[in-house]
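Below: the structure, in structure tokens.
The values are calculated or read from the model by the stated rules, or taken from the named source; none is laboratory data. Predicted model, so just to flag it, every value in this text is computed and none were measured. Methodologically, a virtual Cβ is constructed for each residue, glycine included, from the backbone with ideal geometry; neighbour enumeration extends over all protein chains shown. These accessible areas exclude ligands, DNA and RNA; they are computed on the full protein's heavy atoms, side chains included. Shrake-Rupley method; radii C 1.70, N 1.55, O 1.52, S 1.80 Å.
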Amino acid sequence: MERIAIYPGSFDPITNGHMDIIKRGLRLFDRIIITIMHNSAKQTLFSVQERMDMIKDSFAEEPRVEVDAFGGLLVDYAEAKKAKVVLRGMRAVSDFDYEFQLALMNRYLDREVQTVFLMTSLRWLYISSSIVKEAAEFGGDVSLLVPPPVHARLIEKFPLLS
Ligand code: COA
């Protein structure tokens, strides 16, 4: 049976930290579906379409990665895609409380879905989409923190970056 994992998040935008989790996830799973999901606590800089395009461009050479968007519950999406695994990255202890809560809620909603955590590489431990956007807004060089298609879009949004 094909091993499919869903990698959900807001990806506003995708960073090298996410890329690292996905690349390592591809060693464990046959296929990874990166799904842009709604987080009610967040206002986004990029539209869903822009975020999907940036992810697709970043994985143009990887046929085992699929990109999608979904507005409902993660467990419903996993069921529709016949995926039994949700992949998440864990950066530091500060992520633990939230991730624990999310994984337990998902298990409460659907006992068939398992959450698998991969530890983020030390190199990317300190980055998040917000911190990258903040640096970019004020002209900070973030070119080593995001894939090239994301850097190009950040330049379009933030003139100080070019
Ligand atoms: N490297 C770098 N940064 C990382 C990272 C990594 N490996 N992993 C996470 N991050 C960052 C993200 O960039 C993001 O930064 P930001 O807060 O500055 O935007 C932050 O960590 C957490 O984001 P992410 O992991 O993308 O999670 P999220 O909070 O955006 O996503 C959902 C949460 C979308 C998965 C969750 O809200 C969800 O499942 N929603 C659907 C509804 C649902 O089913 N809810 C659960 C049951 S009620």
(message) I'd like to verify a number: residues in segment 98-143 that are among the polar types (S, T, N, Q) and either more than 10 Å from the ligand (Cβ to nearest atom) or open to solvent by less than 30 Å² (accessible area, probe 1.4 Å) (or both), how many?
(response) 6
(message) Consider segment 15-44. How many of its residues are closer than 20 Å to Leu144 by Cβ and either without any contact (Cβ under 8 Å) to a residue 12 or more places away in the chain or more than 8 Å from the ligand (Cβ to nearest atom) (or both)?
(response) 4
(request) Please find, within segment 114-125, the residue that is farthest from Asn16 (Cα to Cα) out of those that are of a type in the set (A, V, I, L, M, F, W, C) and at pLDDT 95 or above. (result) Val116
(request) Might you check whether a residue that is away from the ligand (no atom under 11 Å from the Cβ), modelled with pLDDT of 95 or more and loosely packed, with under 12 Cβ neighbours inside 10 Å occurs anywhere in segment 49-56? (result) yes
(message) Quick check on Ala69: is it closer than 25 Å to Arg111 by Cα and open to solvent by 20 Å² or more (accessible area, probe 1.4 Å)?
(response) yes
(message) Which count do you get for residues in segment 1-14 that are within 8 Å of the ligand (Cβ to nearest atom) and outside any loop (DSSP other than H, G, I, E, B)?
(response) 2
